[in-house]
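What follows is a set of notes on a single structure, which appears directly below.
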């Protein structure tokens, strides 16, 4: 029997990248995983297939986040998938990507960032709470952008700062139910879908040179941290932001 056998999980944005790795890791640990996706149906199907071939159980639920009725659509699928079982683990991973620096970000881009990255996880948690068992886990993916001054990611960093504050305050509120609420902050993480970004001349070398562990991160690096927070071993950790960046930008390396 593995750590999460008999438990249920929802992972948003699990059709690719970090979300896909998180879903696969939770399933590997024994959880039934509901794989949320917005538009990438084939990616979600691939996640479910990968989990099934490894002996796990998963199903896909489609819901575009950041639009009217998004939470209702998501939880219609979630409740059907749970089939009366409680929810044990909620991972808010889905996010809109940085929209650019202050001088170029449009109001529409700014509003979409906050709709997907802040409003959606907030109301997903609100809707999930009646389903979430006492002793459950809420984990939201943040970013090291909250502790680094990157002018190309101002609005994105603002959204991640918001969910870090949300996690801290909800941890205090939900503690009496034994529910832990934490955030995980990845750094530069290379995935199958963003690999071209790291092909820019010198970029990988520059990032690695600022990373204490001397390499780029991968999806499994983040998935392992989330799986730990979802486990009983992390029962005494709540209201925290876990930096999962390999020590990105800690200071000069000599």
Query raised in the report: To one decimal place, what Kirkwood hydrodynamic radius in Å is obtained for the chain from all pairs of distinct Cα atoms?
Result: 18.4
Requested in this report: Return the single residue from 185, 96, 227 with maximal mean-square fluctuation; model: Gaussian network over the chain, springs between Cα atoms under 10 Å.
Outcome: 96
Report summary line: Among 24, 157, 233, the residue with the largest mean-square fluctuation in a Gaussian network model of the chain built from Cα contacts under 10 Å is 233
Report summary line: Extension length gain for residue 212 and residue 102 (0.36 nm per residue less Cα distance), in nm, is 36.6 nm
Query raised in the report: Rounded to a whole number of µm²/s, how large is the Stokes-Einstein D of region 1-53 at 10 °C and 1.306 mPa s, given Rh as the Kirkwood radius over C-alpha pairs?
Result: 149
Requested in this report: Before rounding to the nearest 500, sum -39500 (n - 2.57) across all DSSP H runs of length at least 4 in the chain and divide by the residue total; then give [θ] at 222 nm in deg cm²/dmol.
Outcome: -11500 deg cm²/dmol
Report summary line: Expected sort for 35-41, 200-206 on mean C-beta neighbours within 10 Å, highest first, is 35-41, 200-206
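We did not get these values from a lab; they are worked out from the coordinates using the rules stated. Just so we're clear, the structure is a prediction, and the values are computed from it rather than from any experiment. Don't worry about glycine lacking a Cβ; one is built from the backbone with ideal geometry, like all the others, and counts go over all protein chains shown.
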